[in-house]
Amino acid sequence: MFCICLWVFPFASVQVLVGNAGVGKTCLVRRFTQGLFPPGQGATIGVDFMIKTVEVGNEKVKLQIWDTAGQERFRSITQSYYRSAHALILVYDISCQPTFDCLPDWLREIEEYASSKVLRVLVGNKIDRDDREIPTQVGEEFAERHNMYFLETSAKESDNVERLFMQIADDLMKQARMTNAQRYDPSHYNVEPTTTDSGCCSRLN
Amino acid sequence: MSSKENSYLEIEQLCQQELEKLQLEEETLLADLNGMLNQKTYIEDKIRGLSRLIPTLKIMKNEAQDLVETINDISESSEKISSKIRQLDSARGHGDECLLRVNDLIDLEICSQGVQQAILDLDYEKGAAHVHRFLSMDQTLLKRTANDMNNVSNMLNSVRTLQEAANQLQAIVEHKFNEAVNAEDLAAIERFFKIFPLLGMHEQGLKNFCTFLRTKLALTAEKNLKVAVTTPLADKRHPIIYADTMILLFEGLARVIETHQPLFETYYGPGRLISAVNILQKECDTQVKRIIMEWSKTRQIQKKIQQINEMSRMTSSGSFNKLEKIDPKDLDILIGEISLMHYRCELYIKFIERKIAADIDVGIADQEQRTKTTKTLEQLILNSELSQCKHDLLSHYLKLEQYFMEESVAKAVNMDQLEPSFQTSSLVDDTFFIVRKSIRRSISTGSLDGICVTINNACRVLENDFCDVIKARLKQGYPSGYLDLTQAYNVLQNSIQQGRLQSGDTEQSRTSFIVALNNADNSTKYVNALVDSIMKETEGACPNLNATEKGKLESCLSGISGVSVKLSEILDYGFQQLKSTVIKPRVNPWVDQFLNFSHQLTEDELSAYEAGESFIQILIMNLETLLSSFKDILTANNYENFIKVLTTEVTQRFEKVIMKSQFNRLGGLVLDKDVRSLAGYITSGTYWSARDQFARLTQIATILNFEQIDEINEYWGNSDGAITWRLSPSEIKSILNLRSDFRSDDIKRLRL
């Protein structure tokens, strides 16, 4: 799949957002892709799909962002998207302890369905709110313990949203360059002559 | 003299000519003068006439000034008049208003008298019409009128009477309606239903009427559900009886909406369908929920899902699976029923959306109100129990479908069988049949999410369960063994023809390797066909996908295309194996035979060499044997690939042994012939040109076939015969050095 995308665009990456219902996944994506903060949004149904092309070091990167529903009854839909993801963004609400307490459950899901090489990012959203329940440090420690990136954001105030996605694009780009270098390692393949000018040989014959 | 005379004559002639000219001119001048004289009187007349006109013009000017003044006067007075008219207009407006008020008052009087009588006469239509008339009056205006009038009490009385009558009528009609509902008197129900809007009770009327319709629907639905529950197992419809019950419910609802919509529109006005559907939806929700509950109980959905969940937990934790596995075949019909149920929910929701949207379009003009109502519609559908049930159905469907696909493919892997004289085993056809079936079924649910998830799951099953099996078989390798090749070929053929594998491990592994390779090749074709057909079928089933939805589908489909990438990696891996176990060990000794021949030939030796079995004939014969042993057991693509790998190996090895030999002119000639016949042989057996693979070898042979060292210049640089070299200058020099009859000093001196 990866390879196909490479031909269509210089580089395409797939990102999936997961986390409890109401933590603001859709708002994060909307803020990043459309620059909007739509208040009073209904719950996402199934998965939403959005594309944004960004530039990383003069190269265009097509970000495919899958915004999954947080509700339990859509789990059988959302789970199927983990496998092809290059990055998973796990979101919780810093003003809501239960959304943080669920993180281990989400990690278990990721463990079960996603590729082991997937880039994992922990995001504490809604830092614009005054009623914070989870201190930054607690989130940081959790992320560190589970080998994830960590960032706190506010989709409402547009804090760190751009940074979050651009950082991921940047990292995936680096990863892709490395795998690409491996992919075309000549020792794995027959080295065959590359030019196909048949005119020359006909003369010799 | 004569010349002088001549000149005089000439002059005279000229003078004559001039004279004639002058005379002519004089005549024309005279004519002109005459003409002018003639006109003189005429012109003088004109002038006289004009001078007579002057006083008249003066009069005209004065008159015109008078006219302007008059017009100004008129315009002033007309403006005055128009302002008067305006005043008159407004006065008439007041008059009209008065008339209206008087009319209203008269009507009020009539209505207040009539309404009582009508109520007494039980003529509710008439009474309601009076009340309607009363309600259509401007109530504030009435109040103002009351203030202006002397006989206030009289009018206020009428108003009071009417208000009372309205309340009375409202109560009566509501009561009568309920009575009619209880008596199931359809005519009466319809009668009072039509009276409600006259009394300004639009919402109330719709509510009452739809509540009545609800009870009717509930009765039918209950009956249908009872029939469904008691349907005998042997009945043909039994496997999808709940989907049938569902469609009966939806059809009933749709019929109610379709038949009553014109009624609503006529008596209540357009734009009110949403209120009606809102009430009917509650019944729909209740009934759908009941059907689902009954269905889930009868089909033991929870138990099955739980079993599946437990099984996946056990396999993922690695513990041995003691649970009785559900046979995926047993789920097949159930999955079909769920997809049908889901599709029917989807269809009904689409129907409601379409109906109400059209009604809103016609009935609500105000843009703001329209968006608000549209939003209400969205919320109505989103929050309905029907939508929840639909989501739950989809969730069940996806769980079961995933299990079905995984287990069926696992079964296909376990039951993999090689039919005699087939190049691929049953695994490929079976797997793709299952995957295709699942995806098709997901398309029949009508849910894009369902399709996408099933595609995702199919990707996973194909990439992991299916490809890994093929790869694992290739990993076991192709044993080269000590068997003579023809013998090996016969054994392989036998085992394929008899449809069972021979006891020998070697042959078994060989067959399974070759079949795996063929399976991978055939699967690539199937994958491409699968992507095409999904795209087409989805477009057929969901024709109005927007750009985002299309992107979603395409993104998921690209995952399936990714399977073919993995397959081609597997094929590469397989050919690497074949190369190291089959091709290299055989080709190398065959080509190495070249070293046993002398390539510095005399004329006699040349003819002897050509008469006897030459190196190249033996090589081609050996290659022929090797190729023919693979020709029938490999698929066409794989066979082509096999030849390619073989050719690369042969040409590379050939190059190596050439570099180890010494040639004279005749030796070079023979080599050139040999290379051509080898290239000819390979090309004859393939659809592609092997020329490119032979490019280096051909060039080496050409160099060794030179008569003189300088010949290289004909092929090098800017000369006419220059070619694209695959050999570097230093390689060319070392090849030239292989010719024992070329002096190395001359070679060194070459400028390349």
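Rounded to 0.05, the FRET efficiency of the B:GLN13 and B:ASN38 pair, given R0 = 35 Å and the Cβ-Cβ distance, is 0.35. Inter-label distance, B:SER533 to B:ASN6: 11.8 nm, where each label sits 7 Å from its Cα along the C-beta direction. Axis angle, to the nearest 10 degrees, between helix B:665-684 and the longest C-alpha principal axis of chain B: 40 degrees. Once C-alpha pairs closer than 8 Å and six or more residues apart are averaged by separation and normalised to the residue number of chain B, the relative contact order reads 7 percent.
Applying 1/(1 + (r/R0)^6) with r as the Cβ-Cβ distance of B:ALA188 and B:LYS126 and R0 = 22 angstrom yields a FRET efficiency of 0.85.
Note every residue of segment B:723-742 with a reduction of at least 10 square angstrom in accessible area, all protein chains present versus the isolated chain, computed with a 1.4 Å probe, or write none. Residues passing the criterion (a loss of at least 10 Å², heavy atoms only) are B:ILE723, B:THR724, B:ARG726. Taking only the Cα atoms of segment B:269-316, the radius of gyration and Dmax are 18.9, 62 Å. For segment B:10-124, the share of accessible area belonging to carbon and sulfur comes to 61 percent (1.4 Å probe, ligands and nucleic acids excluded). Protein heavy-atom accessible surface, 1.4 Å probe, per residue over segment B:47-101: 92 Å².
The long axis of helix B:615-631 is offset from the longest Cα principal axis of chain B by roughly 40 degrees. Here the Karplus curve 6.51 cos²θ - 1.76 cosθ + 1.60, taken at θ = phi - 60°, turns the phi angles of segment B:398-403 into couplings of 5, 4, 5, 5, 4, 4 Hz, with x standing for Gly and Pro.
What a 1.4 Å probe finds exposed on segment A:2-184 is 49% carbon and sulfur by accessible area, rounded to a whole percent. Per residue, the solvent-accessible area of segment B:672-744 (1.4 Å probe, heavy atoms of protein chains only, all protein chains present) comes to 46 Å².
Please label the shape of chain B as rounded, prolate or oblate, based on the square roots a ≥ b ≥ c of the eigenvalues of the alpha-carbon gyration tensor (a/c under 1.5 means rounded; beyond that, a/b larger than b/c means prolate, else oblate). Verdict is oblate for chain B. The local environment of B:GLU640, defined by Cβ-Cβ distances under 11 Å, has a net charge of +1 under the rule Lys, Arg +1 and Asp, Glu -1.
List, by residue number, every residue in segment B:414-461 with a reduction of 40 Å² or greater in accessible area between the chain on its own and the complete protein assembly, 1.4 Å probe. Correct list: B:ASP449, B:VAL453, B:ASN456.
Take the accessible area of chain B alone and of chain A alone, subtract that of the pair, and you get about 3500 Å² summed over both chains, using a 1.4 Å probe. Rolling a 1.4 angstrom probe over the protein heavy atoms, how many square angstrom per residue are accessible across segment A:2-184? That works out to 45 Å² per residue.
Classify the protein assembly as shown: rounded, prolate or oblate, from the alpha-carbon gyration tensor (a ≥ b ≥ c, eigenvalue square roots; a/c under 1.5 rounded; otherwise prolate if a/b is larger than b/c)? Oblate is the answer for the protein assembly as shown, as a/c is 1.5 or above yet b/c matches or exceeds a/b.
The residues neighbouring B:LEU517, those whose beta-carbon lies less than 15 Å from its own, together hold a net charge of +3 under the Lys/Arg +1, Asp/Glu -1 convention. Once both axes come from the Cα atoms, what is the angle between helix B:139-148 and the longest principal axis of chain B, in degrees from 0 to 90, rounded to 10? That helix lies at roughly 20 degrees to the long axis. Taking θ as phi - 60° and the Karplus parameters 6.51, -1.76 and 1.60, the scalar couplings of segment B:460-474 work out to 5, 4, 5, 5, 8, 5, 7, 4, 5, 5, 5, 4, 4, 5, 5 Hz in sequence order, x denoting glycine and proline.
The modelled label-to-label distance for the pair B:GLN204/A:SER116, using points 7 Å beyond Cα in the direction of Cβ, is 7.3 nm. Note on A:ASP105/A:ILE45: beta-carbon distance plugged into 1/(1 + (r/R0)^6) with R0 of 22 Å gives a FRET efficiency of 0.55. Per-residue extension of 0.36 nm, minus the Cα-Cα distance of B:ASP366 and B:ASN414, leaves a gain of 10.7 nm for this segment. Each label was represented as a point 7 Å from its Cα along the Cα-to-Cβ direction; for B:GLU569 and B:LEU219 these points are 6.7 nm apart.
From helices alone, chain B scores -28000 deg cm²/dmol at 222 nm; the rule is -39500 (n - 2.57) for each run of n ≥ 4 DSSP H residues, then divide by the residue total.
For segment A:2-184, take N as its residue count and report Rg(C-alpha) divided by 2.2 N^0.38 Å.
On the way: Rg = 15.8 Å, N = 183, 2.2 N^0.38 = 15.9 Å.
In units of the globular-protein estimate, segment A:2-184 measures up at 0.99.
Near the amide H of B:ARG739, within less than 5 Å, lie the amide hydrogens of B:PHE663, all on another chain or at least 5 residues away, with H placed in the peptide plane.
Of all accessible surface on segment B:158-311 at a 1.4 Å probe, what whole percent is carbon and sulfur? C and S atoms contribute 54 percent here.
Computed extension gain for B:ASP327 through B:GLU655, at 0.36 nm per residue and net of the alpha carbon distance, reaches 112.2 nm.
The values are calculated or read from the model by the stated rules, or taken from the named source; none is laboratory data. Since the model is a prediction, treat every value here as computed from it, not as a measurement. Heads up, the Cβs are rebuilt from the backbone with ideal geometry, glycines too, and the neighbour counts pull from every protein chain shown. Note: areas computed on protein heavy atoms with side chains; ligands, DNA, RNA excluded. Shrake-Rupley method; radii C 1.70, N 1.55, O 1.52, S 1.80 Å.
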